[in-house]
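Data block below; observations after.
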Amino acid sequence: MTATARFATAVAHPNIAFIKYWGNRDDELRLPASSSLSMNLGSLYTRTTVQFDPSRQEDDLLLNGEPASPDQKHRVSEFLDLVRTMAAIQLKASVSSESNFPSGAGIASSSSAFAALALAACAAAGLQLEEPSLSRLARRGSGSAARSVPSGFVVWQAADLDDESFAVSIAPPEHWSLVDCIAIVNEGHKAVGSTEGHKLAATSPLQAARLAGAPQRLDFCQKAIMDRNFSSFADLVELDCHLMHAVMMTSRPPLQYWLPASLAIMDAVRTWRKAGLSVCYTLDAGPNVHVLCPASDAETLLARLQEIPGVIRVLRANPGGRARLLD
Ligand code: PMV
């Protein structure tokens, strides 16, 4: 490995799942129980620099300029071990990562974090992976990170084997000018992160029913996206979101991510849709509400969302591209 190959910076977008995954068939390898479908969020990003350094005794991690917690460092070190094994190196690294949106609040910050880390660490270690292999590697850091590697609208295939579970793009960002207006009602970290949450999914009596219908919902949602059919898309996205949260709420112990303001937004969206606006919502493992609409309705929607009591601010994102290296 040359001296110049030790340092690399990558950028990746978080993604929002329209058809969710919740629960793993293998927690260690982060092989999901079901396939999922998402869109990268173009205006939001994580930028990560990795430097392998012969003078370091241990890995170091800065998040938004602050030293990371021991747990966060441990998770990143374990991930870097995978890269070190692939590249046959033993060097420790310093990692610095910045995101332009709140982390740990249901905006899938770990998706962009591990996609950017996978790409930057591989480049810094002198590894050149094809997109499917990079997606598989990112998956080992956080499942949803597999979907932040390819561009635009993305499907991540569930499989029993490590080398068969990666994400692929089904349409580029310019295919459909959907807008995600993310209504922030809480900027804090969630009490139960998704890594622990996935382990509870199987304790819900509803998980089997959710999984049984997941392949069909994904097929129908993919078709709605390909046809740019918003009303069919809206039906499927809300149904899939409700099914995932029903599983969360009925697991033992139960997980409840919604706040009163989340419910107020969901109610408002349904009212606006009845009145003719093309709009629907989805929520990940957090209280913030992703409100989706065609670009032509985004300004109206942003203004209305900002008026709902409890909404702190609204972020706007268009479909985003793939994870990429910066010069
Ligand atoms: O891959 P994780 O551990 O970040 O879990 C993500 C889970 C959800 O965001 C709730 C659903 C999904 O498919 O992204």
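For the reader, a short list of remarks on this structure follows.
- Rounded to 10°, Cα long-axis angle of helix 131-141 versus longest principal axis of the chain: 90 degrees
- Over the chain, dividing the summed -39,500 (n - 2.57) contributions of all DSSP H runs of at least 4 residues by the number of residues returns a 222 nm mean residue ellipticity of -11500 deg cm²/dmol.
- Where GluC sites (Glu not before Pro) in DSSP loops with at most 15 other Cβ within 10 Å are excluded, longest remaining stretch of the chain: 188-306
- Whole-Hz Karplus values for the range 192-197 come out as 10, x, 5, 4, 6, x Hz, taken residue by residue from phi with 6.51 cos²θ - 1.76 cosθ + 1.60 and θ = phi - 60°; glycine and proline positions read x.
- Residues whose placed amide H lies under 5 Å from that of PHE18, excluding near-sequence neighbours: LEU37, SER38, MET39
- The range 175-256: chymotrypsin sites (Phe, Trp or Tyr not before Pro) falling in loop per DSSP and having at most 13 other Cβ within 10 Å: none
- Segments 199-205, 137-143 sorted - mean Cβ within 10 Å per residue, highest first: 137-143, 199-205
- Here the Karplus curve 6.51 cos²θ - 1.76 cosθ + 1.60, taken at θ = phi - 60°, turns the phi angles of the range 60-73 into couplings of 10, 9, 10, 10, 6, x, 10, x, 7, 6, x, 5, 5, 4 Hz, with x standing for Gly and Pro.
- Peptide packing for 268-277, 41-50 was compared via the average number of neighbouring C-beta atoms within 10 Å per residue; ordered from the highest value, the list is 41-50, 268-277.
- Cα-based helix-to-principal-axis angle, 207-226 vs the chain, degrees rounded to 10: 90 degrees
- Close Lys pairs in the chain (alpha-carbon distance under 20 Å; sequence gap of 8 or more, or different chains): 6.
- Over the chain, Cα pairs under 8 Å with separation of 6+ residues give a relative contact order of 26 percent.
- The range 6-174, relative contact order in percent, only Cα pairs under 8 angstrom and at least six apart counted: 29 percent
- Relative contact order of the range 132-251, pairs being alpha-carbon contacts under 8 Å that are 6 or more residues apart, as %: 19 percent
- Two-decimal Rg to Rh for the chain - Kirkwood Rh, Cα set: 0.97
- As computed over the range 176-317, the Cα convex hull volume per residue (Å³): 111 Å³
- Here the Karplus relation 6.51 cos²θ - 1.76 cosθ + 1.60, evaluated at θ = phi - 60°, turns the backbone of the range 240-245 into coupling constants of 5, 5, 4, 5, 5, 5 Hz, with x for every Gly and Pro.
- Legend: P(r) of the range 55-178 from all alpha carbon pair distances, 10 Å bins from 0, whole percents, reading 13, 42, 33, 11, 1.
- 0 to 90° range, to nearest 10: angle between helix 260-274 axis and the chain longest Cα axis: 60 degrees
Taken together, the values in this text are just the output of simple stated rules run on the coordinates, not laboratory data. These numbers were taken from a predicted model, which means no experiment stands behind them. Positions of Cβ are backbone-derived with ideal geometry, glycine not excepted, and every protein chain shown enters the neighbour counts.
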